[in-house]
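Student: Handing you this structure, nothing more for now.
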Amino acid sequence: MVSPHLVVGERHPRLDAMDQTRGAVIYADDVAPPGVLVGRLLRSPHAHASVVRIDTTHAQALDGVIGIITGEDLPTRYGILPISQDEYALALDTVRYVGEPVAAIAATSATVAERALALIEVEYEAMASTLSLRAALEEELPLLHGDGVGRNVHRSVALEFGDVDGALRSSHHIEEDVFFFRGNTHAALEAHSATASYSPQGKLTLTSSTQVPHYVHRTLEKVLGLPSGKIRVIAAPVGGGFGGKTDPFSHEIAAAKLAMLTGRPVKFTLSREEVFYTHRGRHPVLMWLKTGFSADGNITAVHFRSFLDGGAYGSYGVATLYYTGALQATTYRIPNYRFEGVRAFTNKPPCGPKRGNGTPQPRFAIECQLDKASEALGIDPVALRLRNLVEPYSSTVNHLRITSSGLKECIERVVAASDFDARHGRLADGRGIGIAVGSYMSGAGLPIYWNDMPQSEVEIRVDRGGGVTVLSMAADIGQGSTSMLATVVAHRLGLRMEDLNLVTGDTDLTPIDLGSYSSRVTFMAGNAALDAATAVRQQILSVVGRKLEVDVADLELAGARVFVRGDEESGMSWSEAVQLTIASDGPLLATGSYRAPELAGPYRGSGVGISPAYSYSACVVLLACDRDTGMVEIERVWLAHDVGKALNPLLVEGQIEGGVYMGLGEALFEEQSFRGAHHRGPSLLDYKIPTALEMPPVETIIVESDDPEGPYGAKEVGQGPLLPVIPAVANAIHDAIGVRIDEVPITPDKVVAALRSAERGRSTRFGPSGVPAFEFPEITRVEPPVGFGVT
């Protein structure tokens, strides 16, 4: 009997599992071409200053220094977003945070490079620094971008859908709260690294630990003034990204420029301290949330305000700002919604996208407030959530299209698995259980640079021996995207994953994919791969059908054979079918592509938050909290995730467990904190992340809603599982000891402070008391979608 090799839905190790285990994977820092020079960056000791003079004379005279560049050598501004082109590879006339690069050196050794850095003389003229969100919004300080003084506002927004004020006036109950989500960073094990070389023919090649080779390529073209065809970017396997490697960075551009000037390869690998100052991590967000409820617990209206501390530059910040307000309505049916938000510049390392970009912060606020409302209304927290769930195949009030949704099943399954109903409010003092839910995109609905071209393309080539090569620019950042591509193609062609060769992340060799961000690769690159594999399949079946004189619909492709369905002895082997097809039609290759449907709503800013599909998660956390020390011990976590279809359940479980791990770290430990303008502890010794000792047992529950537009029904799993973990921890702490911590990370000192306050008969919460005075822009009022019932 023919083995079907039905790969989708089966548990398979990643294609690179053995290489990872043996330490055989070649990461960016392992790249060492002959004659490579060591690159180093000179960084500013000031948070805000004018660069008056840079003298590199003494450094250039040092034996072993081959090249030095400053901002004058790279005078073109760039940025990841078209609307935020505000960075220089090396500061040109102003530094805006401690650690900003001002010069770069290429030398024959690390020792020489470090000595040369010390010999560069930089004269600064210090300016007043903006070091807090409140200062940026309330005080007249030197502008970070522009001349003079004023408030350092990057971007603000005000949108309303429906009649929020009217709905709040008629509400039976109103909850009003302020929450603060302190910023944190990615803490990837691999530090950033890039190696550039420049050929005598004028071809630049950059190998980098990047999630976005396509956008790095675009940036190099702009900043260096080279033709696109003279640039090659190779995304090396990434040892952890989580969004921290989705910007084009100074070290990448400096390596390229120095390689062009010296004629030798140049390599930059950042130290751990430099990684902390490079940052692009989670924005600190202060949130004000006001929600109305009917007597039976239906949400009547939501008014949400977010205040983002963006650091010194734009990065993805405009998108992050809109994301803090966009996805609230993807989990709960909100009939009236107002979102006001502002992102401020401060003299700190720039924030950017971290796993779930812009959505964990408001999810923390919403889920904690729902628990407060359930207590005030006397409604069980699970029942309150189930009552308000968004319906599958519906529209939200802010014009987001919902397709499949397994959120109800996610909630029901974690509740049953954890025995939530029997435990909530009934455990011994100091032990508690909490629940929360979340939702995330399966890829952004629009590319960063808007155009009509596909967002992902895949090419498949089949050689005369039947060998299959799949080519995609999608960067594997540890999430297993390369194995996902192999799964989709192998399943469609009736082969095994091991039968395929994969070429990825190379702008010279592979067709376009926009990068590994916003959980887009499975949905978008997966669909493109399925499209290409279907074309190969159809071509082979057509030729074999003619040969066997049977209808194509009667042919099966499985077990590396093509045969008539029901007669496995008929037909021919895969390699014979390939040779027959090539003899008939010529070279056997096909391309596939994916372009998201047009989803944007009828208002400015509606391009942020749209997605072809949304994943859903529900999380229950069981913990113990010590009243004397404030220490929290997580005992167990249950997390159910609606992945649409688990292409490979083993990898899905790994992503869920990774999301839980990162969520627990953000909930209890992680904070990008500063003493003035200086990072308090830019090392993995001082920046606390969970270890194996803190990681509890995790029960992963896969829910499959079979999305009609995903590849074989699949949706994302890379980012969504993190979102409900943080508020589930906060809700469990309240269940354990009766106090609310409305600020993360939830550290022991905050828990003890809340308990002491409660003992004195004061507040039973720890958290911010208010938000800055800020005049938001005039509200843009948008009618809800046709057919959406407005309360």
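Student: Set the Förster distance to 25 Å, then compute FRET efficiency between V503 and A553 from the Cβ-Cβ distance, nearest 0.05.
Tutor: 0.15
Student: To the nearest Å, what is the center-to-center distance of the range 715-752 and the range 46-80, using C-alpha atoms only?
Tutor: If you average the Cα positions of each part, the centres end up 44 Å apart.
Student: D506: accessible area at probe 1.4 Å, nearest 10 Å²?
Tutor: In the full protein context, D506 sits at about 10 Å².
Student: State the Cα centre-to-centre distance between the range 276-313 and the range 152-212 in whole Å.
Tutor: For the range 276-313 versus the range 152-212, the Cα centre distance is 13 Å.
Student: Step through the residues of the range 392-408 one at a time and calculate ³J(HN,Hα) from phi using the Karplus curve (6.51 cos²θ - 1.76 cosθ + 1.60, θ = phi - 60°), rounding each to whole Hz and writing x for Gly and Pro.
Tutor: x, 6, 9, 10, 8, 5, 9, 6, 9, 8, 9, 9, 6, 8, x, 5, 4
Student: Amide H to amide H under 5 Å from G478: which residues, 5+ apart in sequence or cross-chain, H placed 1.01 Å off N in plane?
Tutor: Excluding prolines and chain starts, which carry no amide H, the hits are V238.
Student: OK, next. Starting from the Cα of H58, step 7 Å along the direction of its Cβ; do the same at T780; then give the gap between the two resulting points in nm.
Tutor: About 5.4 nm, to one decimal.
Student: Further, regarding this structure: ³J(HN,Hα) across the range 682-687 via Karplus (A = 6.51, B = -1.76, C = 1.60, θ = phi - 60°), whole Hz, x for Gly/Pro?
Tutor: x, 7, 7, 6, 8, 7
Student: With a cap of 16 neighbouring Cβ atoms within 10 Å, and only residues DSSP puts in a loop, list the trypsin sites (Lys or Arg not before Pro) found in the range 670-778.
Tutor: R680, R760, R762
Student: Further, regarding this structure: Based on DSSP H runs of at least 4 residues, each adding -39500 (n - 2.57), what is the mean residue ellipticity at 222 nm of the chain after dividing by all its residues, to the nearest 500 deg cm²/dmol? Walk me through the numbers before you get to the answer.
Tutor: Values: 19 runs with 209 residues, N = 791.
Calculated at 222 nm, the ellipticity per residue is -8000 deg cm²/dmol.
Student: At what distance in nm do the modelled label points of S199 and S763 sit from each other, each positioned 7 Å from its Cα along Cα→Cβ?
Tutor: So the two model labels end up 6.3 nm from each other.
Student: Which of P237, L599, A259 sits closest to the plus end of the dipole of the chain, meaning its Cα is farthest towards the positive end, when Lys and Arg get +1 and Asp and Glu get -1 on the C-beta?
Tutor: So the residue we want is A259.
Student: For the range 447-594, what relative contact order do you get, as a whole percent, if you take Cα pairs closer than 8 Å and at least 6 residues apart? Each step should come with its number before you reach the end.
Tutor: Working: 280 pairs, mean separation 48.9, N = 148.
Contact order relative to length: 33 percent.
Student: Could I ask something else about it? Cross-link list K267/K348; K203/K688; K222/K245: which exceed 31 angstrom alpha carbon to alpha carbon?
Tutor: Where the Cα-Cα span goes over 31 Å, the pairs concerned are K203/K688.
Student: Taking only the alpha-carbon atoms of the range 706-791, what semi-axes of the equivalent ellipsoid follow from 5 times the gyration tensor eigenvalues under a square root, in whole Å, largest first?
Tutor: Calculated on Cα positions only, the semi-axes equal 36, 24, 13 Å.
Student: Taking the Cα atoms of the range 447-594, what is the range of coordinates along each of the three principal axes, in descending order and whole Å?
Tutor: Projected onto its principal axes, the Cα set of the range 447-594 covers 49, 28, 25 Å.
Student: Can you list the HN-Hα couplings for the range 99-111, worked out from phi with the Karplus curve (6.51, -1.76, 1.60; θ = phi - 60°), rounded to whole Hz and with x for Gly and Pro?
Tutor: My calculation for the range 99-111 gives x, 5, x, 10, 7, 9, 10, 10, 9, 6, 8, 5, 4 Hz in order.
Student: Also, quick follow-up: Bin all alpha-carbon pair distances of the range 357-420 at 5 Å intervals from 0 and give each bin's fraction as a whole percent.
Tutor: Answer for the range 357-420: a P(r) of 4, 14, 17, 24, 26, 11, 3, 0 percent.
Student: Oh, and also: How big is the dipole moment of the range 447-594 about its Cα centre under a simple scheme where the beta carbon of each Lys and Arg is +1, that of each Asp and Glu is -1, and everything else is neutral? Debye, nearest 20, please. Intermediate values should be presented prior to the final figure.
Tutor: On the way: 10 positive and 20 negative charges, 14 e Å.
It comes to approximately 60 debye.
Student: Heavy atoms only, probe 1.4 angstrom, no DNA, RNA or ligands counted: give me D452, D177 ranked by accessible area, highest first.
Tutor: D452, D177
Student: Another one. Could you work out the relative contact order of the chain, using alpha carbon pairs under 8 angstrom and six or more residues apart, expressed as a whole percent?
Tutor: 17
Student: Need one number: the % of Cα-Cα pairs in the range 622-747 sitting beyond the 24 Å mark.
Tutor: 38
Student: Right, another one. Would you mind counting up the charge near T522? Only other residues with Cβ under 13 Å from its Cβ, with Lys and Arg at +1 and Asp and Glu at -1. Provide the component values of the computation, followed by the final result.
Tutor: Values: positive: R520, K645, K715; negative: D476, D513, D707, E709, E716.
My count for the surroundings of T522 gives -2.
Student: Moving to a separate point now. Defining a contact as two alpha carbons under 8 Å apart and six or more residues distant in sequence, what relative contact order in percent does the range 17-147 show?
Tutor: Reported as a whole number, the value is 34 percent.
Student: Report, please, the projected area of the chain averaged over directions, based on the convex hull of its C-alpha atoms, in nm². If you can, show how the numbers build up before the last one.
Tutor: On the way: hull surface 141.4 nm².
Convex hull of Cα atoms, orientation-averaged projection: 35.3 nm².
Student: Right, next: About its Cα centre, how strong a charge dipole does the chain have in debye, to the nearest 20, once Lys and Arg get +1 and Asp and Glu get -1 at the Cβ?
Tutor: On the way: 70 positive and 93 negative charges, 167 e Å.
The dipole of the chain has a size of about 800 debye.
Student: Need the C-alpha centroid separation for the range 482-537 versus the range 107-121, integer Å.
Tutor: About 44 Å separates the Cα centre of the range 482-537 from the one of the range 107-121.
The values are calculated or read from the model by the stated rules, or taken from the named source; none is laboratory data. Just so it is clear, the structure is predicted and the values come from calculations on it, not from any experiment. Heads up, the Cβs are rebuilt from the backbone with ideal geometry, glycines too, and the neighbour counts pull from every protein chain shown. Quick note on the areas: whole protein, heavy atoms, side chains included, nothing else; ligands and nucleic acids left out. Shrake-Rupley method; radii C 1.70, N 1.55, O 1.52, S 1.80 Å.
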